[in-house]
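Written out below as structure tokens is the structure these notes cover.
Quick note: the coordinates plus some simple rules give every number you see, no bench work behind them. What you see is a predicted model; the values in this text were computed from it and never measured. Glycine also receives a Cβ, built like all others from the backbone with ideal geometry; neighbour counts cover every protein chain displayed.
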Amino acid sequence: MKPRSIAVTKSIVTRNQIALMRLFWTGLVAFMLVLAQALTAHARPESLAPLAEKISPAVVNITTSSVVEGRTGPQGIVPEGSPFEDFFREFQDRQGNNGQRPRRSSALGSGFVISEDGYLVTNNHVIEGADEILIEFFNGDELEATVVGTDPNTDIALLKVEADGPLPFVPFGDSDTARVGDWVIAMGNPLGQGFSVSAGIVSARNRALSGSYDDYIQTDAAINRGNSGGPLFNMDGEVIGVNTAILSPNGGSIGIGFSMASNVVTRVVDQLKEFGETRRGWLGVRIQDVTEDVAEAMGLESAAGALITDVPDGPAKDGGLEAGDVIVSFDGRDVEDTRGLVRQVGNTDVGKTVRVVVYRDGSTQTFRITLGRREDAERTVPAVMENDEPEEPAQKEVLGLTLSILTDEIRGEIGVPEGMDGLVVVDVDETSEAFEKGLRAGDLITEAGQQKVTTLGEFDDRVAEAQEAGRKSLLLLVRRGGDPRFVALGLE
């Protein structure tokens, strides 16, 4: 009896275990389905209305007006000398000569409030040259704004309004966390329609258009004229970009819009609020990217860093940097290319002493440089001289170049200042690598193989030394109109 009783008990336990396992798996599947639905809903909400309602009160329409000069006569209406010219002139006289009077011109844009005490952000080009700036809020209120400061380099302007009470505002988010494919919302005043919402995704990151400090988020959310200065929101209602530009063949949105990244904007806004202007760090060097052939010619392991082409008077010269150095690290961060270095320096506080690591003569060296202020330097740097076309005396042909020593006559013709010496390019073979890499008649070669050259014999020596060292190319320092750059020419 006991064995049978034991057997029955085991059978019952087994059936209970099976039932529990079925219940567990059923519950787990149900939980996973609910979780998947929740994740889907988070990735793409069924409606953006709650978010739009939350952030709309902080988005504003901006109307600017400025005085423009009127026409002085019927020009542009009828051709000069036309029989209708007198008719239109008499018509203008009857109208009180209104055509000659200055008139007001209006423009539209967008912006957003960033603090309850009335600070607003928009694009510089929205308010540039404006005599009056009128802010229209979502509830219909209108207030006049004053300009706190502007930064044309990033196309950002900071405005201020005086309100009776605290204003609704939106916070900045971290643009570096935005990923390609994330959902975003653009808001603004497209084509004067007012308080319009469009949705899309982050199409690309770290786009550069034309400026030294560009860091644009590309989006396919509809952005049109009038959206300029408006915010680009993430799904948390944080501003991760300021809508600035579009790429379009017809002036309308084709799904390629650009917003200045919020991490750039916040630094600018903080400085405008504190100083009324930007204060960017200045190293004081002219630089170019390190290409593969330049890296090979210098013995670098990889084509990275920023190659110094010139060191005028300034912080870098005072700190010991020289033309031909490759900056590989700045203030503890690796330097990938010239654009990265410019942004790193610009984002560093004026007056800060930083460690700059350079590659020089086959090894790295560290220098301590105290940064100046870029805006001060830009006001004092002289304009670059223009080159005249030189005559073409043929002296020696090498590497596709016809070179001549720098005579006093040629120095005057191409505007080379006293104290600067080198070899003049008087002709370039259009089928040569030198021509492909941009060398032209009138260029001045001041260094070859990172050594100064003033005679044709010295140039030949540099070529021979590079070949004996097993180099595949020769590095030249070329100046055009005072602007230097390095070029590596193949020796084979």
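Charged neighbours of Arg379, selected by a Cβ distance under 15 Å, balance to -1 (K, R count +1; D, E count -1). A simple rule links phi to the HN-Hα coupling: the Karplus curve 6.51 cos²θ - 1.76 cosθ + 1.60 with θ = phi - 60°, which for segment 164-169 gives 6, x, x, 9, x, 9 Hz, with x for Gly and Pro.
Sorting 332-338, 199-205, 257-263 by their mean Cβ neighbour count within 10 Å, with the most densely packed peptide first, gives 257-263, 199-205, 332-338.
The label-point distance for Asp164 and Glu465, in a model that sets each label 7 Å from Cα toward Cβ, rounds to 7.9 nm. Return the whole-Å distance between the Cα centroid of segment 125-154 and the Cα centroid of segment 443-492. First find each Cα centre; the distance between them is then 53 Å.
Ranked by the mean number of other Cβ atoms within 10 Å of their residues, highest first, the peptides 138-148, 225-235, 158-168 come out as 225-235, 158-168, 138-148. Note on Ser65 and Glu430: the model spin-label points, each 7 Å out from Cα along the C-beta direction, lie 5.8 nm apart. Residue order for Asp461, Asp236, fewest other beta carbons within 10 angstrom first, comes to Asp236, Asp461. Here the residues Ile62, Ile246, ranked from fewest to most Cβ neighbours within 10 Å of their Cβ, fall in the order Ile246, Ile62. When peptides 349-358, 188-197 are sorted by average Cβ neighbour count within 10 Å, with the highest value leading, the order is 188-197, 349-358. Taking Lys and Arg as +1 and Asp and Glu as -1, the other residues whose beta-carbon sits under 13 Å from that of Asp293 total -3. With neighbour counts taken as other beta-carbon atoms within 10 Å, the residues Phe137, Phe435 rank, fewest first, as Phe435, Phe137. Between segment 167-198 and segment 248-309, what's the alpha-carbon centroid distance in Å? Taking the Cα centre of each part, segment 167-198 and segment 248-309 sit 24 Å apart. Working from label points 7 Å from Cα in the Cα-to-Cβ sense, the Val398 to Asp131 distance is 6.5 nm. Taking Lys and Arg as +1 and Asp and Glu as -1, the other residues whose beta-carbon sits under 9 Å from that of Leu158 total +1. Distant-in-sequence amide contacts of Lys396, defined by a placed amide H-H separation under 5 Å and a gap of 5 or more residues or a different chain, comprise Leu403. The length gained on full extension between Ile254 and Arg205, counted as 0.36 nm times the residue separation minus their Cα-Cα distance, comes to 15.8 nm. Computed from the Cβ-Cβ distance with R0 of 56 Å, the FRET efficiency linking Thr366 to Leu247 stands at 0.85. Relative contact order, whole percent, for segment 333-379 stands at 31, derived from Cα pairs under 8 Å and 6 or more residues apart.
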